[in-house]
1. For the chain, which residues satisfy the criterion of being of a type in the set (S, T, N, Q) and at pLDDT 90 or above?
2. Working only within the range 9-41, note down all residues that are within 10 Å of the chain's Cα centre (by Cα), farther than 25 Å from ALA57 by Cβ and among the charged types (D, E, K, R).
Amino acid sequence: MITEADGDSHQIARGLMAIREIFGSDLPADPRFTGPVIEALDRLFESGVKATVAAAAHGR
């Protein structure tokens, strides 16, 4: 799934959120959940792990 997504954070997030045993059916359907997840994944790909974690730790 992840290798097939070729760095597309939306596709990766949707693929992971399709795992019903983890996310159920309500969370993947809620943009209040999916939006921040996709945004965080975008930041991770754009800025890298260190910068993303540092920003999260400082509330950014």
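1. Within the chain, SER25, THR34, SER47, THR52 meet the criteria.
2. The one that is within 10 Å of the chain's Cα centre (by Cα), farther than 25 Å from ALA57 by Cβ and among the charged types (D, E, K, R): ARG14.
The values are calculated or read from the model by the stated rules, or taken from the named source; none is laboratory data. Just so you know, these numbers come straight off a predicted model, no measurement behind them. Heads up, the Cβs are rebuilt from the backbone with ideal geometry, glycines too, and the neighbour counts pull from every protein chain shown.
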